[in-house]
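*Asks:* Submitted below is the structure of interest, expressed as structure tokens.
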Amino acid sequence: MNKNGERLLFEISTPGASAVDLPECDVPEAEFDPALSTYTQSGLPEVGQLDLVRHYTHLAHRCFSVDGNFYPLGSCTMKYNPKVNEWAAGLAGFANVHPLQSEHHVQGLMELLYLLRMYLAEIAGLDEVSLQPCAGAHGEWTALKVIRAYFADRGQEKRRIVLAPDTAHGTNPASCAMCGASVVTIKSLSNGLTDLEDLKTHLSDEVAAIMVTNPNTVGKFDRMIAQMAEMVHRAGALLYLDGANMNAIMGITRPGDFGVDIMHYNTHKTFSTPHGCGGPGAGPIAVRKELSPYLPVPQVVKQGEKYAWDFDRPKSIGKVRSFWGQVGVLVRAYAYIRACGAAGLRDVSETAVLAANYVAQRIKHVYALPFGPKDGSPMASNPCAHEFITVPRAIIDRGVTIMDVAKALIDRGYHPPTVHFPVHDCLMIEPTETESKATLDGFAETLLELAEQSERDARPFKEAPVRQVVRRLDEVGAARKPVLRWTGAQG
Amino acid sequence: MDYVQITQKQRDEMLRAVGASSMEDLLRQVPDELRLKRELKIPQGMDELALRRHLEDLAAQNSSADGQVCFLGAGAYDHFIPAVVDHLAMKAEFLTAYTPYQAEASQGSLQAFFEFQTMVCQLTGLDVSNASLYEGATAVAEAALMAANTTGKREIVVSRGVNPDYRRVLQTYLSGMPLSYEEVGLKHGVTDSQELEAALEEDTAAVIVQSPNFLGHVERVETLARFARANESLAVQVFNPISLGLLKRPGEMDVDIAAGEGQALGTPMGFGGPYLGLFATKERYVRKMPGRLVGQTVDAEGRRAFCLTLQTREQHIRREKATSNVCTNQGLMAMRASVYMAAMGAKGMRRVAQLCFNKASYLANQLKAAGVSLKYPKQPFFNELLVELKRPVEKVLPEAEAEGILAGYAVGKDYPELGNCLLVAVTEKRTKEEMDRLVSVLK
């Protein structure tokens, strides 16, 4: 590594080097029409196999990960990714199957998908599931298309408004926009719950749905959710659940039981499928039976003892992606659900809730909880769900920003919590159920130490991180003059 | 096994610490009338050995392409994946990290994605690539939305040579939006350029063609792009990254957006996913681009470093005004594609493409010698052949299957006029002997 860190592939490229040994050609060479051929060299790097291995090994060492670090990134549910799930996804009978093989060739895969469909419907308390969406945001978009088709079928095309609380994930309004729906923001109360009075004033015969997250993004289960559902249904609209926080409620309550009509899951959050530096995820959606006819095609169905693809759904919104879904991800989610079983899934959610309350309890005398218990009362008096937010005003008032705290945590080996979402100046902490008590204690103690340090001297925070391969970055400069690929100009 | 490490004793301690006499005290936040009063109807958990046996059973009920000879393509391809791809891309540090929002803790993945963006640019001959989208079909839909957003126009003109599933997905994306969809037909297996020229209107935002197209033929992309340019519409090419070892790059043909499926770059067929959406465009459109972008910058000591950039295009900042709703992308598949492209290098990519073409050419010649002809023998192909069978396709396919051969895709489902045609894909993995066997089944 030189002073500029790990060199780029293009900088270690050696003309003539190669990391692969391609097969000899056992047929005559053929000449591709020169008029259709490329006339430039691609410029792709040429690297020997060992150098390639070292390059990526060095890059791997420069990543925080769940396997290496506590990663309490709120709203993302960075739980442990069981290794047996990776083994399962790699089985040739799952991984090396062409998507267009005959149904009788793929009965095992189709059975797995069918069972997963059933389990996700049961966990949701809803009637039918489509496994197709590629990720949570794609699930939102698919679901909004389903909602639109449902209303169009009822002659209510004018229902084009979608309501969303001000604490909604950014994907919610963005997905609405991609469906041609207009978004109206609903206020939250000071206790973090949706303002039903404000909701009431916005309900009309032009409203298609309200998108809520429950437990919501401030980590509170909205106890008025059933009342909200009733209001929404009375106005002829639908209740949509962003399932980002399903890790808090599995086996405890079900969206369908608290009035939800349609929802998406994030398998990479709830069902332990790995996050892979940003993906792949999978975003299955679950719906009440009234919405079933509009789900995307095809659906995996059981006909007698055989599994089949059902394309014959005349009211379907159509196809939302090529082939059948993020199958490799769904295999992992299935393996996880089968490993946990009913009792295990409930234990997962209970423990996730306990872990969040425990961390909150240990730090709340210093890190204020805007939606937690007042006056030194214990967490049990006003508990959070599986995550909580803190706005540590005392620390911020000493001139230490929330980003400074985040960067200081990096130097102490912790991936920072989510910052500035859903409210400014907050840390959103989601420990997950898979961490040990020792890890939770260590993290809480580190947060308390940082608070003490801020009292003594705020300056070191401005320097952090100092123990990483880079110091703080010029992100403003990066956006002002974007350099988005290597051009050979720099050394 | 639910992977919880906290012991019963610790659980009791933690409950006491938060002032709860039992778990119930923490769950009371969910009103009683909303609580599930029974266990979920999901089988009880399994130990690892039992789980592995169960999954092996399910896997064994599928006939993997490994045990057969795969000539199926039509959007997913059986290419050779070097062992380094799995070994490096699936490293736990990459597998179990998330989006690199905290740059100082994520320099490894950020640099890998910067390299990925660069290699996609090198491959496509375009200026900027994002850090991945979901898969081919949705990448093409995003290209259409971006074109509309960039030009302020509302009509999307699409060739019937574009993968039929991609067209279906595009129609789903456009439905309900103030955007229209118009299809242009084929002539002799390629886009009818006269029909395309006639379809262009003042309000046309994008012209979308695929090359090599779904039927395997290389399109005259330059001509089609010229029509788009003259009409002030964006030219979008759906591409196969492996083909670019030989074919002219989109950037060399004045294509504005190249979008496609990146599965062929080191990702297994996996029964259809997860795959990799590739997306590259010209510099001037970068601020309308969907998806995450990694940029180069410096740290406080002036060292080169990488971070997510131009995030004001994205949903977490811009909400309903974002260029796309995409958040989670296909990071791990982009990692696989990066290792694959770097392992192959410029020469390897060219050689893989040449091998595919050599073998496809051999197969075409052998078929012809056996009296089975290509539907459009004059059209240039890359690695997929549109074969007109002499016997009914519904008879030939099961016969081939019985011989352990996945002979190809019957295109009649999507192109009724090509009722007895089979789309046969040939990758570098296919041997002369395997192709000879295919010929004997097809003749």
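The values are calculated or read from the model by the stated rules, or taken from the named source; none is laboratory data. Everything numeric in this text was worked out from a predicted model, so none of it was measured. Cβ placement follows ideal geometry from the backbone for every residue including glycine, while neighbour counts extend to all protein chains displayed. Note: areas computed on protein heavy atoms with side chains; ligands, DNA, RNA excluded. Shrake-Rupley method; radii C 1.70, N 1.55, O 1.52, S 1.80 Å.
*Asks:* So which of A:408, A:478, A:380 ends up being free of Cβ contacts under 8 Å to residues at least 12 places away in the same chain and within 12 Å of chain B (Cβ to nearest Cβ)?
*Replies:* On inspection, the qualifying residue turns out to be A:478.
*Asks:* Residue A:90 versus (1) over 16 Å from residue B:58 (Cα atoms); (2) among the small types (Gly, Ala, Ser); (3) more than 7 Å from chain B (Cβ to nearest Cβ): which is the lone unmet condition?
*Replies:* With respect to (1) over 16 Å from residue B:58 (Cα atoms); (2) among the small types (Gly, Ala, Ser); (3) more than 7 Å from chain B (Cβ to nearest Cβ), residue A:90 is out only on (1).
*Asks:* Please go through region B:65-93 and give me each residue that is within 18 Å of residue B:268 (Cα to Cα), at the interface with another protein chain (Cβ under 7 Å from one of its Cβ atoms) and either in a helix (DSSP H, G or I) or modelled with pLDDT under 95 (or both), ordered by number.
*Replies:* Correct list: B:65, B:66, B:84, B:88.
*Asks:* Select from region B:303-328 the residues that are assigned to a loop (DSSP other than H, G, I, E, B) and polar (S, T, N, Q) and write down the one among them that is most open to solvent (accessible area, probe 1.4 Å).
*Replies:* Taking the candidates together, the pick is B:323.
*Asks:* With (1) within 7 Å of another protein chain (Cβ to nearest Cβ); (2) under 22 Å from residue B:119 (Cβ atoms) as the list, and residue B:267 as the residue in question, which single condition is left unmet?
*Replies:* Of the numbered conditions (1) within 7 Å of another protein chain (Cβ to nearest Cβ); (2) under 22 Å from residue B:119 (Cβ atoms), the odd one out for residue B:267 is (1).
*Asks:* Does residue A:283 meet the test of being closer than 30 Å to residue B:307 by Cα, open to solvent by less than 10 Å² (accessible area, probe 1.4 Å) and touching a strand residue (DSSP E or B) at 6+ places or on another chain (Cβ under 6 Å)?
*Replies:* Yes: the conditions hold for residue A:283.
*Asks:* With the condition being within 30 Å of residue A:470 (Cβ to Cβ), I'd like the strands (runs of 3 or more DSSP E) fully within region B:200-302 carrying at least 1 qualifying residues.
*Replies:* Per the criteria, B:277-281, B:293-298.
*Asks:* To continue, here is another question. Quick one: count up the residues across region B:357-376 that are within 14 Å of chain A (Cβ to nearest Cβ) and either touching a Phe, Trp or Tyr at 6+ places or on another chain (Cβ under 8 Å) or not in a helix (DSSP H, G or I) (or both).
*Replies:* 3
*Asks:* Within the set of pairs 6 or more residues apart or between chains, which connect a residue that is more than 7 Å from chain B (Cβ to nearest Cβ) inside region A:304-331 to a residue that is among the small types (Gly, Ala, Ser) and part of a loop (DSSP other than H, G, I, E, B) with Cβ atoms less than 9 Å apart?
*Replies:* The qualifying pairs are A:330/A:282; A:330/B:273.
*Asks:* If you don't mind, another one. Just one of (1) crowded, with 18+ Cβ neighbours inside 10 Å; (2) facing chain A (nearest Cβ under 7 Å); (3) of a type in the set (A, V, I, L, M); (4) in contact with a helix residue (DSSP H, G or I) (Cβ under 7 Å, 6 or more places away or on another chain) trips up residue B:36, so point out which.
*Replies:* With (1) crowded, with 18+ Cβ neighbours inside 10 Å; (2) facing chain A (nearest Cβ under 7 Å); (3) of a type in the set (A, V, I, L, M); (4) in contact with a helix residue (DSSP H, G or I) (Cβ under 7 Å, 6 or more places away or on another chain) applied to residue B:36, the lone miss is (1).
Residues checked against (1) farther than 16 Å from residue A:204 by Cα; (2) open to solvent by less than 30 Å² (accessible area, probe 1.4 Å); (3) in contact with a Phe, Trp or Tyr (Cβ under 7 Å, 6 or more places away or on another chain):
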{"residue": "A:158", "(1), (2), (3)": "no, no, no"}
{"residue": "A:169", "(1), (2), (3)": "yes, yes, no"}
{"residue": "A:176", "(1), (2), (3)": "yes, yes, no"}
{"residue": "A:179", "(1), (2), (3)": "yes, yes, yes"}
{"residue": "A:182", "(1), (2), (3)": "no, no, no"}
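*Asks:* Answer yes or no: is there a residue in region B:138-156 that is assigned to a helix (DSSP H, G or I), open to solvent by less than 10 Å² (accessible area, probe 1.4 Å), at the interface with another protein chain (Cβ under 7 Å from one of its Cβ atoms) and touching a Ser or Thr at 6+ places or on another chain (Cβ under 9 Å).
*Replies:* yes
*Asks:* Across region A:138-149, what is the total count of residues that are farther than 13 Å from residue A:211 by Cα and either facing chain B (nearest Cβ under 8 Å) or open to solvent by 30 Å² or more (accessible area, probe 1.4 Å) (or both)?
*Replies:* 3
*Asks:* Still on this structure: Of all residues in region A:69-88, which are surrounded by 20 or more Cβ atoms within 10 Å (Cβ to Cβ), farther than 20 Å from residue A:407 by Cα and of a type in the set (A, V, I, L, M, F, W, C)?
*Replies:* Within region A:69-88, just A:88 meets the criteria.
*Asks:* Residue under question is residue B:117, and the condition is that it be in a helix (DSSP H, G or I) and either open to solvent by 10 Å² or more (accessible area, probe 1.4 Å) or touching a helix residue (DSSP H, G or I) at 6+ places or on another chain (Cβ under 6 Å) (or both); does it hold?
*Replies:* Here the answer is no, as residue B:117 does not meet what is asked.
*Asks:* Could you list, in sequence order, all residues of region B:254-276 that are of a type in the set (A, V, I, L, M) and within 19 Å of residue A:300 (Cβ to Cβ)?
*Replies:* To start, the set of residues in region B:254-276 that are of a type in the set (A, V, I, L, M) comprises B:255, B:257-259, B:264-265, B:269, B:276.
The answer is B:269, and nothing else.
*Asks:* Can residue A:289 be described as among the basic types (Lys, Arg), open to solvent by 10 Å² or more (accessible area, probe 1.4 Å) and either at pLDDT below 95 or over 27 Å from residue B:326 (Cβ atoms) (or both)?
*Replies:* Yes; evaluated as a whole, the condition is true for this residue.
*Asks:* Take residue B:74 and decide whether it is among the aliphatic types (A, V, I, L, M), open to solvent by less than 10 Å² (accessible area, probe 1.4 Å) and not assigned by TED's automatic domain parsing to the domain that holds residue B:271.
*Replies:* yes
*Asks:* Can you name the number of the only condition in (1) on the phi < 0 side of the Ramachandran plot; (2) crowded, with 24+ Cβ neighbours inside 10 Å that residue B:408 fails?
*Replies:* Looking at each condition in turn, residue B:408 falls short on (1).
*Asks:* Can I ask one more? Mind listing whichever residues of region B:329-353 are among the hydroxyl-bearing types (Ser, Thr, Tyr) and open to solvent by 10 Å² or more (accessible area, probe 1.4 Å)?
*Replies:* Those that are among the hydroxyl-bearing types (Ser, Thr, Tyr) and open to solvent by 10 Å² or more (accessible area, probe 1.4 Å): none in region B:329-353.
*Asks:* Is there any pair linking a residue in region A:198-225 that is away from chain B (no Cβ under 13 Å) to one that is assigned to a helix (DSSP H, G or I) and open to solvent by 10 Å² or more (accessible area, probe 1.4 Å), with Cβ under 7 Å and at least six apart or on different chains, and which?
*Replies:* Listed by first residue and then by second, the contacts come to A:199/A:231; A:200/A:231; A:203/A:231.
*Asks:* Can I ask one more? Can you list the helices (runs of 4 or more DSSP H) found entirely within region A:74-145 that contain at least 3 residues being in contact with a strand residue (DSSP E or B) (Cβ under 8 Å, 6 or more places away or on another chain) and at pLDDT 95 or above?
*Replies:* A:107-124
*Asks:* Would you be able to say whether some residue in region A:151-168 is in contact with a Cys (Cβ under 7 Å, 6 or more places away or on another chain) and outside any strand (DSSP E or B)?
*Replies:* Checking region A:151-168: not a single residue is in contact with a Cys (Cβ under 7 Å, 6 or more places away or on another chain) and outside any strand (DSSP E or B).
*Asks:* Residues of region A:47-68 being among the aliphatic types (A, V, I, L, M) and either assigned to a loop (DSSP other than H, G, I, E, B) or open to solvent by 20 Å² or more (accessible area, probe 1.4 Å) (or both), which ones?
*Replies:* Those that are among the aliphatic types (A, V, I, L, M) and either assigned to a loop (DSSP other than H, G, I, E, B) or open to solvent by 20 Å² or more (accessible area, probe 1.4 Å) (or both): A:47, A:50, A:53, A:66.
*Asks:* Here is a follow-up. For residue B:300, indicate whether it is touching a residue at least 40 places away in the same chain (Cβ under 8 Å) and either surrounded by fewer than 20 Cβ atoms within 10 Å (Cβ to Cβ) or of a type in the set (Gly, Ala, Ser) (or both).
*Replies:* no
*Asks:* Here's another thing I want to ask about it. So which residues in region A:62-80 are hydroxyl-bearing (Ser, Thr, Tyr) and more than 7 Å from chain B (Cβ to nearest Cβ), if there are any at all?
*Replies:* Correct list: A:71, A:75, A:77.
*Asks:* Something else: Taking the options B:211, B:159, B:180, name whichever one is more than 30 Å from residue A:153 (Cβ to Cβ), away from chain A (no Cβ under 12 Å) and among the hydroxyl-bearing types (Ser, Thr, Tyr).
*Replies:* B:159
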